[in-house]
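Laboratory data are not the source of any read-out in this text; all were calculated from the coordinates shown. Keep in mind the model is a prediction, meaning the values are calculated, not measured. Reconstructed Cβ throughout: ideal geometry from the backbone, glycine too, with neighbour counts over all protein chains shown.
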Amino acid sequence: MRILMIGGGGREHALIKALQKSPKAEQLFCAPGNGGVSKDAICRPVDPMDLDGVVNLAKSEKIDLVFVAPDDPLAAGLVDKLEQAGVRAFGPSAAAAQIEASKVFSKNLMKKYGIPTAGYEVFDDPAAALAYIREQNSYPAVVKADGLALGKGVVICEDYAAAEEAVRSIMLDKKFGASGNRVVVEQFITGPEVSVLAFTDGKTLRPMVSSMDHKRVFDGNRGPNTGGMGTISPNPFYTDEMADRCMREIFLPTVRAMAAEGRPFKGCLYFGLMLTADGPKVIEYNARFGDPEAQVVLPRLETDLVDIAEAVIDGRLDELDIRWKPGAAACVVMASGGYPGSYEKGIEICGLDEAGQLAHATVYHAGTAVKEGKFVTAGGRVLGVTATGETLEQALEKAYDAVSRISFTGAHYRKDIGRAAGGAKA
Ligand code: AMP
Ligand code: GLY
């Protein structure tokens, strides 16, 4: 099969590496890909949001299967367009991708179908939102832009002044554009966070192994939120009992709710959960693989990813047994100096050959380019250095060993990935 991956980050590189293991994958393409991806797939400079451009590429390259990995083209209807053109695609329709693209949609869905989540109110008027926050007088207050905002549309406000600033920047200054036409004001909840990705064909749901993201930029969960600075799998807080409970109370009810709404979800559904004293609650849904969750989950997948994608598309996931490797995986993201703020690009990356030769580690490229035959930085998150092991401690040790061999000017990474989860050696 000729397979096309849409996107160009570490998640897409991990998906491509997983597809390389399939005997069915004859030729892999990626649009637009990145420097590292270009060593594993043929990269084509098509913007994922150029929906017609992607359809034309799929047609001209006689693609048999497309994976749409990022949120924006899913929400814009790329999977619908490909299907209309007769191209098989893995990912939800635009109608189903609303579960991520609109927090108002997902919160109302959860309320209607009794799926546990933090209490909330929706506002399209900034004055009304602020009046409500003042009346509640409960801090921190959580303010979320309705639409997609590169993971930055959630503000935890410690006092009224912070809430005023959040509502102003989202609703009036339109920091995230039309995504801020409405806001959700949410109850603040606490507990360990767990990411669970699941394959679903709209009827059957098969959860993947669990993971834990590290969203803040600095050690000790300090500093601003990022796209994710590292991950581990499994998530030690997520016990078998909790998995059963989430299946009953959250996962299956969500798949059934989407089908009942006439928006059956096909693809990878991501549950961002918080394990509160009151039981597991949904913090957010994503309509896609997480990044860098995919980097620790996919290396543990034993079943052929092409078989899974085809079963999802054809609605016969119930026939498939999906197997996972025991043990653990860890990913440490190496980022550009300044990230998640502004940063320089084009800085040479050293040590990749040495790290790449370590049998136990895989370096996924997130933001790299090739310049005069050398790898240079080309994004905020540059590399996802990943390792597997029998235990979390081993996986972390190997991942950090590989990290120590790689360098570029300004590089920074968290030294405490997995530590809060018991990976003491990190
Ligand atoms: P999100 O981008 O929706 O994943 O939110 C970013 C982060 O904000 C989450 O990972 C949580 O740590 C935090 N968060 C979101 N909603 C709440 C809430 N209702 N209570 C406490 N923390 C929250
Ligand atoms: N790592 C979180 C996300 O992909 O949204």
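Given labels modelled 7 Å from the Cα in the Cβ direction, how far is it in nm from ASN181 to ALA85?
2.7 nm
Figure the gain on full extension for ASP240 and LYS24 (residue separation times 0.36 nm, minus the Cα-Cα span) and round it to one decimal in nm.
Once the chain is fully extended between ASP240 and LYS24, it gains 74.4 nm.
What GluC sites (Glu not before Pro) in segment 128-230 are in a loop by DSSP, with at most 13 other Cβ atoms within 10 Å of the Cβ?
Within segment 128-230, the qualifying GluC sites (Glu not before Pro) (loop, at most 13 other Cβ atoms within 10 Å) are GLU158.
Under Stokes-Einstein, with the Kirkwood radius over Cα pairs standing in for Rh, what whole-number D in µm²/s applies to segment 244-379 at 25 °C and 0.890 mPa s?
Details: Rh = 18.5 Å.
Answer from the Stokes-Einstein relation: 133 µm²/s.
Per-residue ellipticity at 222 nm for the chain, helices alone: DSSP H runs ≥ 4 residues times -39500 (n - 2.57), over residue total, nearest 500 deg cm²/dmol?
-7500 deg cm²/dmol
Mind checking segment 206-303 for GluC sites (Glu not before Pro) that DSSP puts in a loop (not H, G, I, E or B) and that have at most 12 other Cβ atoms within 10 Å?
Answer in residue order: GLU302.
So what are the three principal axis dimensions of segment 151-223 from its Cα atoms, in whole Å, longest to shortest?
43, 33, 21
What nm distance separates the two modelled labels at ASP314 and TYR139, each placed 7 Å from Cα along Cα→Cβ?
5.8 nm
Go ahead and run the numbers for FRET between SER169 and GLU193, Cβ-Cβ distance against an R0 of 30 Å, rounding to 0.05.
E(calc), rounded to 0.05, equals 0.75.
Any idea what diffusion coefficient the chain gets from Stokes-Einstein, in µm²/s, Kirkwood Rh on alpha carbon pairs, 10 °C, 1.306 mPa s?
Roughly 73 µm²/s, to the nearest whole number.
Using label points projected 7 Å from each Cα along Cα→Cβ, tell me how many nm separate ASN221 and THR276, to one decimal.
1.5 nm
Show me the trypsin sites (Lys or Arg not before Pro) within segment 236-340 that DSSP assigns to loop and that have at most 14 other Cβ atoms within 10 Å of their Cβ.
ARG316, ARG323
Could you work out the relative contact order of the chain? I mean the mean sequence separation of Cα pairs under 8 Å and 6+ apart, divided by the number of residues, in percent.
Across the chain, relative contact order equals 16 percent.
For the charge dipole of the chain, defined by +1 on Lys and Arg C-beta atoms and -1 on Asp and Glu C-beta atoms about the Cα centroid, which residue among PRO45, LEU197, VAL183 has the Cα displaced farthest towards the positive pole?
Towards the positive end, the residue furthest out is PRO45.
For segment 197-262 and segment 176-196, write down the distance between their C-alpha centroids in whole Å.
That distance is 15 Å.
What are the lysines whose alpha-carbon lies under 29 Å from the alpha-carbon of LYS325, with same-chain residues fewer than 8 places away excluded?
Correct list for LYS325: LYS17, LYS21, LYS24, LYS39, LYS203, LYS215, LYS266, LYS281, LYS398, LYS415, LYS425.
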